[in-house]
Amino acid sequence: MQLHYPNKKTEQEIFDQIPNITLEQINNSDSPNLLIQANNLVALKQLITQHNLAGKIDLIYIDPPFATNNIFTITEGRASAISNSKNGNVAYSDTLKGFDFLEFIRERLVLLKMLLSNKGSIYLHIDYKIGHYVKIVMDEIFGMENFRNDITRVKCNPKNFARKGYGNVKDLILFYSKSDNLIWNEPKTPYTEEDKIKLFPKTEKDGRRYTTIPLHAPGETQNGKTSQPFKGIFPPKGRHWRSDVSILEQWNNEGLIEWSNNGNPRKKIYFDEQEGKRMQDIWEFKDPQYPVYPTEKNADLLDIIIKTSSNGNSIVLDCFAGSGTTLKSAQTNGRQWIGIDQSEEAIKTIITKLDRVEQDLFIDKSEYKYLTENRQGIQHEAVWKEWQEETA
Ligand SMILES: C[S@@+](CC[C@H](N)C(=O)[O-])C[C@H]1O[C@@H](n2cnc3c(N)ncnc32)[C@H](O)[C@@H]1O
């Protein structure tokens, strides 16, 4: 599946055309975590060429601009969720459109794929207006066979704008893995009271809630021991017992099998022994009501992604780091992290946010290793664009 548009570069051209800008090292620590203020294309190339990180990143979460044609600002320490206002400090601009926007995203994705480990995953947060085009770009780069989910994220309460169309309360997160062998720590969501009553309708004398499931499963036999008679009963045709008959005997002695009036045995499953239910692909994680940075994302959302798709020894990368939601969650969950953002306001916000973690978790402030010479986020983007035009 491929998307064709004018001036689409080859992957080799993308890599070769990225300039090698020297990043100034502000402090030097033993911490493996990196915070980089730079255009992420430059920084990603350096992670590959200078830090030898190709194939070593287990988890990438990115929340890039969404082609909204907005300038996002922070006024008196408060972020406007969306603002066209000329007041306040510019956090970042989101003014690329159409093919330019898609190529901007594609350039980063090409490098991000190089950085991703074989058991790695990438989650890309985007909105419903441009997201379906980005899906095709991601299919092209990561392969349709590695597409895992299009997660619907419910982001806000219902809206009552007088617009002809349904209210938009969701955005989407496109989730791909590098291979079939991805890190996957099954996430569970707690049962609600309603689930408890509906899914575990039976109660023991002591009030313990449970349900029952068939004692047999599809398939002729797995081994001889699961096709033997249990209390004189054979599994139905084309099925086998879930466990060896000796285990079924044990369950029966422990009162874990319920016999129906017509002599059909079923296994009891207790509510209080379940971790929760399987997580589905509609997630309700509303963003902070008073964001410290424009379009700051919900921290619980990042916690789920990080716990599910990375391990304790994983490196987590966010190259559109914003306020550092991903970095803080990685830090809190004991993961190594790399954060990149070109905006001065973003870097300031990240340092504040991680300072708060420092108080809780005693992290070393010397983790903030790299800052570029150019500390004018928005200006940096303009300089970069100029450079691209000059070299085109
Ligand atoms: C939507 S915000 C990310 C918000 C973040 N997820 C959070 O929870 O706070 C996008 C960020 O990408 C940054 N950005 C945009 N283009 C960039 C580029 N070329 N290089 C580095 N950062 C960039 C912006 O400065 C902005 O902070």
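The values are calculated or read from the model by the stated rules, or taken from the named source; none is laboratory data. The structure presented is a predicted model; accordingly, all values stated were derived computationally and were not measured. Cβ placement follows ideal geometry from the backbone for every residue including glycine, while neighbour counts extend to all protein chains displayed.
Side notes on the structure shown:
- Some residue of the range 136-152 being more than 16 Å from the ligand (Cβ to nearest atom) and more than 21 Å from the chain's Cα centre (by Cα): no
- Selection within the range 33-55 - within 13 Å of the ligand (Cβ to nearest atom) and β-branched (Val, Ile, Thr): 36, 42
- Qualifying residue in the range 297-312 (condition: in contact (Cβ under 8 Å) with a residue 60 or more places away in the chain, out of contact with any helix residue (DSSP H, G or I) (no Cβ under 6 Å at 6 or more places or on another chain), within 13 Å of the ligand (Cβ to nearest atom) and assigned to a helix (DSSP H, G or I)): yes
- So residue 95, is it of a type in the set (S, T, N, Q) and away from the ligand (no atom under 14 Å from the Cβ): no
- Flag if residue 381 is away from the ligand (no atom under 14 Å from the Cβ), within 22 Å of residue 106 (Cβ to Cβ) and either charged (D, E, K, R) or modelled with pLDDT of 55 or more (or both): no
- Residue list for the range 171-213, filter: within 19 Å of residue 282 (Cα to Cα) and among the basic types (Lys, Arg): 188
- If you go through the range 181-206 and keep only what is of a type in the set (Asp, Glu) and either in contact (Cβ under 8 Å) with a residue 24 or more places away in the chain or in a helix (DSSP H, G or I) (or both), you end up with 186, 193, 194, 195.
- Failed item, numbered, when residue 247 is tested on (1) surrounded by 14 or more Cβ atoms within 10 Å (Cβ to Cβ); (2) within 30 Å of residue 281 (Cα to Cα): (2)
- Matching entry among 118, 160 (being part of a loop (DSSP other than H, G, I, E, B) and either outside the structural domain of residue 49 (by TED's automatic domain parsing) or of a type outside the set (Lys, Arg) (or both)): 160
- Count of the range 317-333 residues, restricted to those that are within 12 Å of the ligand (Cβ to nearest atom), surrounded by 24 or more Cβ atoms within 10 Å (Cβ to Cβ) and in a helix (DSSP H, G or I), is 4.
- Answer from 23, 3 - the residue that is at pLDDT 90 or above, surrounded by 12 or more Cβ atoms within 10 Å (Cβ to Cβ) and not hydroxyl-bearing (Ser, Thr, Tyr): 3
- Residue check, residue 306 within 23 Å of residue 177 (Cα to Cα) and within 40 Å of the chain's Cα centre (by Cα): yes
- Residue among 30, 58 that alone is in a strand (DSSP E or B), more than 16 Å from the ligand (Cβ to nearest atom) and either assigned by TED's automatic domain parsing to the domain that holds residue 335 or at pLDDT below 90 (or both): 58
- Residue in the range 334-348 that is modelled with the lowest pLDDT, counting only those that are in contact with a Ser or Thr (Cβ under 8 Å, 6 or more places away or on another chain) and surrounded by fewer than 24 Cβ atoms within 10 Å (Cβ to Cβ): 336
- Taking the criterion of being touching a Gly at 6+ places or on another chain (Cβ under 9 Å) and hydroxyl-bearing (Ser, Thr, Tyr), the only residue of the range 114-132 that qualifies is 117.
- Meets criteria (among the hydrophobic types (A, V, I, L, M, F, W, C) and not assigned by TED's automatic domain parsing to the domain that holds residue 183) for residue 251: yes
- Residues located in the range 158-184, provided they are within 13 Å of the chain's Cα centre (by Cα) and exposed (fewer than 15 other Cβ atoms within 10 Å of the Cβ): 184
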